[in-house]
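Taking it in order: structure first as structure tokens, then the write-up.
The values are calculated or read from the model by the stated rules, or taken from the named source; none is laboratory data. Please read these numbers as outputs of a predicted model, since none were measured by experiment. Heads up, the Cβs are rebuilt from the backbone with ideal geometry, glycines too, and the neighbour counts pull from every protein chain shown. All accessible areas refer to the heavy atoms of the entire protein, side chains included, with ligands and DNA or RNA removed. Shrake-Rupley method; radii C 1.70, N 1.55, O 1.52, S 1.80 Å.
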Amino acid sequence: MISGKGSNLAAILEAGVPVKAVVSNRSGVGGLDIARAAGIQIAAIERKAFAGRTEWEDAMAGFIEAAGCNLVALAGFMRILSGAFIDRFKGRIVNLHPSLLPDFKGLDTHARALAAGKKEHGCTAHWIIPELDEGPIIRQAKVKIRPEDTPQTLQERVLAAEHMMYPQVIKDILAGRVDLPE
Ligand code: GAR
């Protein structure tokens, strides 16, 4: 599930992860072009096209189920999902977050890490539970913060760490090498 440029999706594909389908909550984003070029089934399912959140989430879940996916990986998906959606994929849905959770849940993590005077930052892959950015952590990758870092330069290095870490996490889950959440 994506919302934007899809650099993590590209890394996942380059790593040889079998991706059955890609759903974006925004149309016209780069990640959909990457998926299309790879011959993957895609759907842009925008919240505004539906009367309510339940109908929107049902459409996304229906697409994912019809594609026969057994793991749902959020890769830059920027909308909050309801408990009902998460329950539907219980134990089969993971997220990638650009911080060392539990630090800096939510948005603007790089600027906030710099403002807080942190010495290191990074990214986290975790199982999803209804509480935002709070599910059991699967793996983290750390990035040292440099004195000259801006949010932009820090984001670039964290993104590179994401590209190394997340495809391997997905492979490990699919190979049964990661404990499932309780
Ligand atoms: C990534 O840095 C990802 O960790 C972040 O969005 C970016 C997406 O980049 N996700 C979140 O902030 C989720 N809350 P991408 O579209 O190039 O993969």
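Annotations
- When the charge dipole of the range 1-63 is built from unit charges on Cβ atoms (+1 for Lys and Arg, -1 for Asp and Glu) and taken about the Cα centre, the candidate among ALA21, ALA59, ASN8 whose Cα reaches farthest toward its positive end is ASN8.
- Packing here is the average count of other Cβ atoms within 10 Å per residue, and on that basis the peptides 149-157, 112-120, 22-30, highest first, run 22-30, 149-157, 112-120.
- Sum of side-chain charges, SER82 neighbourhood, beta-carbon under 14 Å (Lys, Arg +1; Asp, Glu -1): 0
- Relative intensity, log₁₀ I(q)/I(0), of the range 29-118 from a Debye sum that treats every alpha carbon as a point, q = 0.22 Å⁻¹: -1.22
- Averaged per residue, the range 116-182 has 59 square angstrom of accessible surface, using a 1.4 angstrom probe with ligands and nucleic acids left out.
- Taking all C-alpha pairs of the range 58-182, those more than 18 Å from each other amount to 53 percent.
- Summarising the amide proton neighbourhood of ALA44: residues at separation of 5 or more, or on other chains, whose placed amide H is nearer than 5 Å comprise SER24.
- Solvent exposure of the range 1-115 as accessible area per residue, Å², 1.4 Å probe: 46
- The 3J(HN,Hα) values that the Karplus relation (6.51, -1.76, 1.60; θ = phi - 60°) gives for the range 22-33 are, in residue order, 10, 10, 10, 8, 10, 8, x, 8, x, x, 5, 5 Hz. Gly and Pro appear as x.
- Residues in the range 159-168 carry Karplus couplings, in order, of 4, 4, 5, 4, 5, 6, 7, 5, x, 5 Hz; the curve used is 6.51 cos²θ - 1.76 cosθ + 1.60 with θ = phi - 60°, and Gly or Pro positions show x.
- Net charge dipole, the chain: roughly 240 debye, given to the nearest 20, about the Cα centre with Cβ charges of +1 for Lys and Arg and -1 for Asp and Glu.
- 3J(HN,Hα) along the range 78-89, derived from phi through the Karplus expression 6.51 cos²θ - 1.76 cosθ + 1.60 where θ = phi - 60°, amounts to 9, 10, 7, 9, 6, x, 5, 5, 5, 4, 4, 10 Hz, with x in place of Gly and Pro.
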